[in-house]
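Okay, structure first, notes after.
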Amino acid sequence: MRSKFRLVAELVGPLAAVAIVTVFGSTMSIAQQGNVTNILVTTTIVVALYVFTGNSGVMSFGQISFVAVGAFAAGILTAPTLTRQANMPSLFKFLSTTQISNFDSLLLGAGLGALFAFLVGVVLLRLSGLSAGIATFAVLEITYDVLSYWDKIGPGVMPVVLVPVTTTLVMGALGLGVAIVVAFAYQRTRSCRLLRATREDAVAAQGIGISIFQHRLIAFTISGAIAGFAGALFVHELGSISTGQVYIDLTFATLAMLVVGGTGSLWGAVLGGIALGVLESFLSNAENGVAIGSWHVTLPNGLSVVIVGVIMVVVLIFAPKGISGSHEFLERFFSHRPAKAGTGTEPESTAKMTDEESSEVPLSPRPTS
Amino acid sequence: MIPLLRLDNLQVTYGRVVAVKNVTLEVNEGEAVCLVGPNGAGKSSTLLAVMGAVRSRGDVFLRGTSTRGLQPEALAHLGVAMVPEGRHLFDTMSVKDNLVLGTLARRRGRTPRIDERWVAELFPIIGEFASRRAGLLSGGQQQLVAIARALLSDPDLLLLDEPSLGLAPVAVDAVFEALERIRAVGVAILLVEQRAQRATDFCERGYVLSDGEIRLEVTEGTSEDPESLMAAYFGR
């Protein structure tokens, strides 16, 4: 029972947070709604990061490449063909003439993101630790350069423009909701459990027969799919896309959100995305002047970035596991209760497998005498 | 007879440092063999190389087949289990979950010689702390769990890296009692120890390793001359 509730909370908590943000957003002006939509889309990217980094414990700076691929593919193939022929004359023929629906472009983004991530993962995921992190960063650089200069697959240094704007507030919320459900469902799989074991102790995990490479690759591919999907949402939110928008700034913004929220939990990823997103958009509004009651404040330009940076440092010092403590929603509330009469000696049982599941395996190491 | 494990001119280097120079040894089915030697002799590196966890040169044969290029998880699925130095339990998981994970590499299509019941009888004490977090156990308790976890894969060969390290004498006794019973069901053991006397008493055969090379092979029955053992141990 207890772990059922915990499980429901694990999924409902993040979804409820998204619903609350969306309801609040819908009461705001159109301009502010755009900001809220942006927060939802960015949080979708954070969820993508979490699926890999959170479960594997390996930092990746390359996930924005998959966002970029999803965004450019969805943007180019949904922009009017006449615009494409005018702005991007060197495109491959099929890219310049194929027209797909906006919905299909979301699926295409997810598919391409997954494919790209899989190919990158096959090459890179045998590395570990720092070298893996740097190698993923190299992938981001390569993607950026190819998209910026190869005018047969994109607009080169120019932005893709006149992309239909369909990611409204509600669509953004639905998109994020889908990402959360996928991340949650993945978390329930055997492969993810094993991946978490490798995160905890790689030596022991390999020793008992877990393939680190295989399970990291699965997580990386799913993360790539969510990232590509988020990229497609992103381009339909903005109506245009240029390579600079899916590059280092977005990489660090989303990593900051994940770290502040808490790398180790889905709840942390969603919380971090929303909290930092709200703060950033409030601060950038304040740079243009906001009224707090009768008090009119105008922050100096650029201060919002500084404040976000300071918050990140403060969180890293005082709460290295993020504001969620890397716990799932209400996880501590449920796990503080004793498991069974007589065995409740565990105040903080954060075991990755709950009692319920492990007891399915007929292991009963009890004294037989 | 083809030995279960055969190392042929095994070499392990870390950068410029040569940890294992030239090790050739055999472990037969069901046999307990120890590898003793001082700190830095290359004992752990040898075990890690067998498991495929470090790069090595030379050959490792398991049942006559080279294991070149295999990752540790592949060896686990071929019936090799390792109890690494420092135990390496999943600290935030319960003891029970640690043990469940141990059954992952069990080979399909055969009745396990060692199953949950056998392990529960071997270590009845584990039942008392099965629901606790592994990281909260004492060193001796952790060592028993680490051995139990390795056994649950039903291995043919158990590699043990300093299982007595840091344990109280009574805990060391418990470990060796367990090893005795594990050997009795036919699991071959390759035991790395600094405590030469204890290890050589337990095993049928032993090798003394010093500076990455085998200095002496000790066989049961041959009257061990303690002085030559000491000399080999300290590389004199």
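The values are calculated or read from the model by the stated rules, or taken from the named source; none is laboratory data. On a predicted model such as this, the values are computed, not experimentally measured, just so you know. Note that each Cβ is placed from the backbone with ideal geometry, even for glycine, and that neighbours are counted across all protein chains shown. The accessibility values were calculated without ligands, DNA or RNA, using every heavy atom of the protein model including side chains. Shrake-Rupley method; radii C 1.70, N 1.55, O 1.52, S 1.80 Å.
Determine whether A:Ala227 is in contact with an Asp or Glu (Cβ under 9 Å, 6 or more places away or on another chain), among the aliphatic types (A, V, I, L, M) and outside any strand (DSSP E or B).
Numbers: in contact with an Asp or Glu (Cβ under 9 Å, 6 or more places away or on another chain): no; among the aliphatic types (A, V, I, L, M): yes; outside any strand (DSSP E or B): yes.
Here the answer is no, as A:Ala227 does not meet what is asked.
So how many residues does the range B:87-109 have that are modelled with pLDDT under 85 and either on the phi < 0 side of the Ramachandran plot or open to solvent by less than 30 Å² (accessible area, probe 1.4 Å) (or both)?
Selection size over the range B:87-109: 2.
Taking the range B:7-30, which residues are open to solvent by 20 Å² or more (accessible area, probe 1.4 Å), touching an Asp or Glu at 6+ places or on another chain (Cβ under 8 Å) and touching a residue at least 60 places away in the same chain (Cβ under 8 Å)? Full working, then the answer.
Initial filter on the range B:7-30 (open to solvent by 20 Å² or more (accessible area, probe 1.4 Å)): B:8-9, B:11, B:13-18, B:21-22, B:24, B:26, B:28-30.
Applying the additional criterion that residues be touching an Asp or Glu at 6+ places or on another chain (Cβ under 8 Å) yields B:8-9, B:21-22, B:24, B:29.
Across the range B:7-30, the qualifying residues are B:Lys21, B:Asn22, B:Thr24, B:Glu29.
Out of all the residues in the range B:110-128, is one or more more than 7 Å from chain A (Cβ to nearest Cβ), open to solvent by 40 Å² or more (accessible area, probe 1.4 Å) and closer than 14 Å to B:Gln142 by Cα?
For the range B:110-128, residues more than 7 Å from chain A (Cβ to nearest Cβ), open to solvent by 40 Å² or more (accessible area, probe 1.4 Å) and closer than 14 Å to B:Gln142 by Cα: present.
In contact (Cβ under 8 Å) with a residue 12 or more places away in the chain and of a type in the set (Phe, Trp, Tyr), is that true of A:Phe282?
On the way: in contact (Cβ under 8 Å) with a residue 12 or more places away in the chain: no; of a type in the set (Phe, Trp, Tyr): yes.
Taking the combined requirement at face value, the residue does not satisfy it.
What are the residues in the range A:90-99 that are in contact with a Ser or Thr (Cβ under 8 Å, 6 or more places away or on another chain) and open to solvent by 60 Å² or more (accessible area, probe 1.4 Å), if any? Break it down stepwise before answering.
Step one: filter the range A:90-99 for residues in contact with a Ser or Thr (Cβ under 8 Å, 6 or more places away or on another chain), giving A:96-97, A:99.
Matches in the range A:90-99: A:Thr97, A:Gln99.
Looking only at the range B:137-144, decide whether some residue is facing chain A (nearest Cβ under 8 Å) and either aromatic (Phe, Trp, Tyr) or in a helix (DSSP H, G or I) (or both).
Initial filter on the range B:137-144 (facing chain A (nearest Cβ under 8 Å)): none.
No, there is no match, as no residue in the range B:137-144 is facing chain A (nearest Cβ under 8 Å) and either aromatic (Phe, Trp, Tyr) or in a helix (DSSP H, G or I) (or both).
Which of the following residues is buried (at least 19 other Cβ atoms within 10 Å of the Cβ), at the interface with chain A (Cβ under 8 Å from one of its Cβ atoms) and closer than 24 Å to B:Gln197 by Cβ: B:Pro163, B:Pro84, B:Pro72? Please lay out each step first, then the result.
On the way: B:Pro163 fails: at the interface with chain A (Cβ under 8 Å from one of its Cβ atoms); B:Pro72 fails: closer than 24 Å to B:Gln197 by Cβ.
Unique residue meeting the criteria: B:Pro84.
Of (1) open to solvent by less than 30 Å² (accessible area, probe 1.4 Å); (2) of a type in the set (D, E, K, R); (3) modelled with pLDDT under 90, B:Asp211 satisfies all except one. Which?
Among (1) open to solvent by less than 30 Å² (accessible area, probe 1.4 Å); (2) of a type in the set (D, E, K, R); (3) modelled with pLDDT under 90, B:Asp211 violates only (1).
For the range A:288-308, state whether one or more residues are surrounded by 18 or more Cβ atoms within 10 Å (Cβ to Cβ) and closer than 30 Å to A:Val182 by Cβ.
Yes, the range A:288-308 contains at least one residue that is surrounded by 18 or more Cβ atoms within 10 Å (Cβ to Cβ) and closer than 30 Å to A:Val182 by Cβ.
Got a sec? Which of B:Arg132, B:Arg149 is under 18 Å from B:Pro84 (Cβ atoms) and within 7 Å of chain A (Cβ to nearest Cβ)?
Working: B:Arg132 fails: under 18 Å from B:Pro84 (Cβ atoms).
Of the residues listed, the single one that is under 18 Å from B:Pro84 (Cβ atoms) and within 7 Å of chain A (Cβ to nearest Cβ) is B:Arg149.
Does B:Glu193 meet the test of being away from chain A (no Cβ under 14 Å), under 25 Å from B:Leu62 (Cβ atoms) and open to solvent by less than 20 Å² (accessible area, probe 1.4 Å)? Talk me through it step by step, then tell me what you get.
On the way: away from chain A (no Cβ under 14 Å): yes; under 25 Å from B:Leu62 (Cβ atoms): yes; open to solvent by less than 20 Å² (accessible area, probe 1.4 Å): yes.
The answer is yes for B:Glu193.
Please go through the range A:95-110 and pick out each residue that is among the hydrophobic types (A, V, I, L, M, F, W, C) and modelled with pLDDT under 85.
So the first thing to find is which residues in the range A:95-110 are among the hydrophobic types (A, V, I, L, M, F, W, C), and the list is A:95, A:100, A:103, A:106-108, A:110.
Result: A:Leu95, single match.
Which number in (1) touching a residue at least 24 places away in the same chain (Cβ under 8 Å); (2) surrounded by 16 or more Cβ atoms within 10 Å (Cβ to Cβ); (3) not in a loop (DSSP other than H, G, I, E, B) marks the one condition that B:Arg181 misses?
(2)
Which condition does B:Thr200 not pass, out of (1) in a helix (DSSP H, G or I); (2) modelled with pLDDT of 90 or more; (3) among the hydroxyl-bearing types (Ser, Thr, Tyr), if it passes all the others?
Going through (1) in a helix (DSSP H, G or I); (2) modelled with pLDDT of 90 or more; (3) among the hydroxyl-bearing types (Ser, Thr, Tyr) one by one, B:Thr200 breaks only (2).
So how many residues does the range B:42-59 have that are among the β-branched types (Val, Ile, Thr) and surrounded by fewer than 21 Cβ atoms within 10 Å (Cβ to Cβ)?
In the first step, residues of the range B:42-59 are kept if they are among the β-branched types (Val, Ile, Thr); the result is B:46, B:50, B:54.
Then keep just the ones that are surrounded by fewer than 21 Cβ atoms within 10 Å (Cβ to Cβ); that gives B:54.
The qualifying residues number 1.
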